[in-house]
Amino acid sequence: MAKPIVEVSHLRKTYGDKVAVDDVSFAVQPGEIFGILGPNGAGKTTTVETLAGLRTADGGTVRVRGIDTQRHPGAVRDILGVQLQEAALHDKITVREALNLFAGFYANPADPEELLAMLDLTPHADRRFAKLSGGQKQRLSIALALIGNPEIAILDELTTGLDPQARRNTWELVERVRATGVTILLVTHFMEEAERLCDRLVIIDAGNVVAEGTPQGLIDALDDDSTVVLRFAPDDAGRARDVLEQLADNDPEVARVDLAETSPGEVVVTGTRRVLFALVPALAGADLVPDDVRTVARSLEDVFLAHTGRAYSTGTGDADAPTDTTLVLEGGRS
């Protein structure tokens, strides 16, 4: 395996009495899309801002290409491109003007016109920042993070606030950027986004790493349980639950039976991988025929539950660090 391009070891960061990052360690290989996943307030943004040398750590080490970014933050300026959680530019600056302005900060910038084309911004190149849609602003943020020709791009909560289609379009752009050879650190609280994009990831909760691995590897390591959702006519759902609860008392294949809180008529059954085989004869014997049956695939939400003991919730805001800047920062490849 190649030497890691990013190494974080026992990182700790506090703000007064608040511990934003308690003990975070991970390593990123060149060419990866590496995810930092967790609920809002978990310490994700503080981790990457400290990694980029924008905040001072209270403990641990952070290295990019072997450079200690705490001691020599300027030395990674030409290596790192950073898209912060909130990007703000002057309302009247156009997309092309912003790219040309930021390109002037570097000795070896990327071609602004090539970035416009790669990120589907050419039709909007002369549009002012205030007139851009949320998705267009996010694409411009990516372009500004790449204008310095960086080896590593940190993308922090890239798709927050976007509608589902814009989010998926942005995912395709991230994969397109990785295809150019850029290593990507993707900070997100969206489970689906992490599963779709990340080669490997860490899950952070309350400032600590609770799980690390590939998305599928983490899911495969869970207990071998299965969940089946059955939808009945509303008048039959209660009787179906009673029948299946009796089954759960007597059949080891069935562990738990619940009525779905948000979908009247649905009964959720959890058990072994053979749970469906136990349900069919019990329902047939009671003359109960479901209108729909589906199995529920495991996800990273189940991984979070297994490691923390609670359901995943994004919370109300990513407030793990004081907000003192909304600028887009970017670096260049030397």
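The values are calculated or read from the model by the stated rules, or taken from the named source; none is laboratory data. Being a predicted model, the structure only gives us computed values, none of them experimental. Here Cβ is always computed from backbone atoms with ideal geometry, including for glycine, and neighbour counts include all displayed protein chains.
Of 98, 75, 2, which residue is under 29 Å from residue 215 (Cα atoms) and free of Cβ contacts under 8 Å to residues at least 60 places away in the same chain?
2
Consider only pairs whose beta carbons are under 7 Å apart and that are at least six residues apart or on different chains; among these, list those whose first residue lies in region 115-138 and is closer than 16 Å to residue 162 by Cβ and in the same structural domain as residue 93 (by TED's automatic domain parsing) and whose second residue is small (Gly, Ala, Ser) and not in a helix (DSSP H, G or I).
Final answer for the pair search is 134/161; 137/87.
In contact with a His (Cβ under 8 Å, 6 or more places away or on another chain) and closer than 15 Å to residue 35 by Cα: which single residue out of 175, 192, 157, 212 fits that description?
157
For the structure I just gave you, tell me whether residue 244 is outside the structural domain of residue 27 (by TED's automatic domain parsing), more than 30 Å from residue 38 (Cα to Cα) and touching a residue at least 60 places away in the same chain (Cβ under 8 Å).
No.
Pick from 2, 98, 27, 52: which is hydrophobic (A, V, I, L, M, F, W, C), touching a Leu at 6+ places or on another chain (Cβ under 9 Å) and surrounded by fewer than 23 Cβ atoms within 10 Å (Cβ to Cβ)?
98
Would you mind finding the one in 182, 210, 187, 177 that is assigned by TED's automatic domain parsing to the domain that holds residue 104 and under 14 Å from the mean Cα position of the chain (by Cα)?
That would be 187, the only listed residue that is assigned by TED's automatic domain parsing to the domain that holds residue 104 and under 14 Å from the mean Cα position of the chain (by Cα).
Restricting to region 253-275, count the residues that are part of a loop (DSSP other than H, G, I, E, B), over 18 Å from residue 225 (Cβ atoms) and of a type outside the set (Val, Ile, Thr).
4
Quickly run through region 68-93 and pick out the residues that are farther than 18 Å from residue 106 by Cβ, modelled with pLDDT under 90 and either polar (S, T, N, Q) or in a strand (DSSP E or B) (or both).
85
Tally time: how many residues in region 148-179 are at positive phi and at pLDDT 90 or above?
2
Could you list, in sequence order, the residues of region 80-94 that are crowded, with 23+ Cβ neighbours inside 10 Å and either among the charged types (D, E, K, R) or closer than 16 Å to residue 152 by Cβ (or both)?
Residues satisfying the conditions are 80, 81, 82, 83, 84.
Determine which member of the set 157, 151 is crowded, with 19+ Cβ neighbours inside 10 Å, touching a Gly at 6+ places or on another chain (Cβ under 9 Å) and in the same structural domain as residue 32 (by TED's automatic domain parsing).
151
Anything in region 36-67 that is among the hydrophobic types (A, V, I, L, M, F, W, C) and part of a loop (DSSP other than H, G, I, E, B)? List them, or say none. I'd like the intermediate steps shown before the answer.
Our first condition is that a residue be among the hydrophobic types (A, V, I, L, M, F, W, C); within region 36-67, this holds for 36-37, 42, 48, 51-52, 54, 57, 62, 64, 67.
Correct list: 42, 52, 54, 57.
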